[in-house]
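K.L.:
A single structure is presented below for examination.
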Amino acid sequence: MTAGGPAPGGVTRALVVTAHPDDVDFGAGGTVASWTASGIEVAYCVCTSGDAGGFDDTPRARMAGLREDEQRAAAERLGVRDVVFLGYPDGRVSASIELRRDISRQIRRFRPERVLAPSPEIWWSRVGASHPDHRAVGEATLAAVYPDARNPFAHPELLEQEGLTAWEVRELWLMAAPEERRNHVVDITGTLPDKVAALRAHRTQTAHMTDLDERMRTSASATGRMHGLAEGRCAEVFQVVEL
């Protein structure tokens, strides 16, 4: 198990690929804040607009727009300004060739050394983190990272029609991976307030959580203890795959 913020290797850009608005903020908000603070440029690719989410009587026709606005506001709080929504239907995402192409497009456009995405595997100890959309996006992102985005002959329309040349990602970071897969812990004690601020921007998802600060600190402290950090330190943990 390695520890720290950005892994070594001169990373300058990181692309975060998620299924829904708020996924990155719950799973890696403190880590993203540490990346941007260290000078890494971060972009988001959100595969749906979260139109099936929410906890109140907000009309469904308004939900997608609200959640996109919330994700942009949350991103700003973490120092991220490049946010793309792919528009796939919330709750019905599959690891299709079209999704692989669309994620490959964002990789070739942004040209990141590092990609962060949900794990394609089930975390049996916390099944709620392994939403089918999350796993489908994880599987499609893995395929986009290897082999699609780096293969100049995959999705030829990206090169022929859009001029997007092949790009090799060096690191793949996976959120909500099964315990036995996790190998990198990030101390987010200093950026936990940024994570909470980003989560508060998702009002349709968190406005009812009156104990959000305490909930996030308790969870992050437990993660820190579990992975060997000093008492009271807060952490997020990932499976990091070197490519």
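Readers should treat all values here as calculations from the given coordinates under stated rules, not as data from a laboratory. All values reported here derive from a predicted model rather than from experimental measurement. FYI the Cβ positions are ideal-geometry reconstructions off the backbone, even for glycines, and counts take in every protein chain you see.
K.L.:
Rounded to the nearest 5, what is the percent of antiparallel bridges among the DSSP beta bridges in the chain?
P.N.:
Percentage antiparallel, nearest 5: 30.
K.L.:
How big is the dipole moment of the stretch 1-127 about its Cα centre under a simple scheme where the beta carbon of each Lys and Arg is +1, that of each Asp and Glu is -1, and everything else is neutral? Debye, nearest 20, please.
P.N.:
520 debye
K.L.:
Now, a different point. Tally Lys/Arg at +1 and Asp/Glu at -1 over every other residue whose Cβ is under 15 Å from the Cβ of Asp187; what's the total?
P.N.:
The answer is +2.
K.L.:
On to the next question. Label-point separation (nm) for Ser125 and Ala207, each offset 7 Å from Cα along Cα-to-Cβ?
P.N.:
3.5 nm
K.L.:
Summarise the long-distance tail of P(r) for the chain by giving the % of C-alpha pairs beyond 30 Å.
P.N.:
So the portion of pairs separated by more than 30 Å is 20 percent.
K.L.:
Send over the semi-axes of the stretch 129-206's equivalent ellipsoid, whole angstrom and largest first, taken as the square roots of 5 times the C-alpha gyration tensor eigenvalues.
P.N.:
In descending order the semi-axes read 31, 17, 14 Å.
K.L.:
Further question: Rank-order 136-148, 176-188 by packing density, defined as the average count of other C-beta atoms within 10 Å over each peptide's residues, highest first.
P.N.:
Result, highest mean first: 136-148, 176-188.
K.L.:
Can you pull the three principal axis extents for the Cα set of the stretch 115-162, in Å, largest first?
P.N.:
44, 15, 13
K.L.:
Nearest 20 debye, what's the magnitude of the dipole of the stretch 107-210 about its Cα centre given +1 on Lys and Arg Cβ and -1 on Asp and Glu Cβ?
P.N.:
380 debye
K.L.:
Give, in nm to one decimal, the length gained when the segment between Glu162 and Glu214 is fully stretched (0.36 nm per residue of separation minus the Cα-Cα distance).
P.N.:
Working it through step by step, the gained length comes to 14.1 nm.
K.L.:
A follow-up question, please. What nm value, rounded to one decimal, do you get for the distance between Ser94 and Arg81 when each label is placed 7 Å out toward the C-beta?
P.N.:
3.9 nm
K.L.:
At Tyr146 and Glu231, where each label point lies 7 Å from the Cα along Cα→Cβ, what is the point-to-point distance in nanometres?
P.N.:
4.2 nm
K.L.:
When Trp167, Trp173, Trp124, Trp35 are ordered from fewest to most other Cβ atoms inside 10 Å of their Cβ, what list results?
P.N.:
The order, fewest Cβ neighbours first, is Trp124, Trp167, Trp173, Trp35.
K.L.:
Pick out, from Pro156, Ala235, Val137, the residue whose Cα sits farthest towards the positive end of the charge dipole of the chain, with +1 on the Cβ of Lys and Arg and -1 on the Cβ of Asp and Glu.
P.N.:
Positive-most Cα among the choices belongs to Ala235.
K.L.:
Then there's this: What net charge do the residues around Ala14 carry, taking every other residue with its C-beta under 13 Å from that of Ala14, with Lys and Arg at +1 and Asp and Glu at -1?
P.N.:
Computed value for this residue: 0.
K.L.:
Here is a follow-up. Using Cα-Cα distances under 8 Å and only pairs 6 or more residues apart, what relative contact order does the chain have, in percent?
P.N.:
About 25 percent, as a whole number.
K.L.:
Using +1 on the beta carbon of Lys and Arg, -1 on that of Asp and Glu, and nothing else charged, what's the dipole of the stretch 2-242 about the Cα centre, debye to 20?
P.N.:
With Lys and Arg at +1 and Asp and Glu at -1, about 200 debye.
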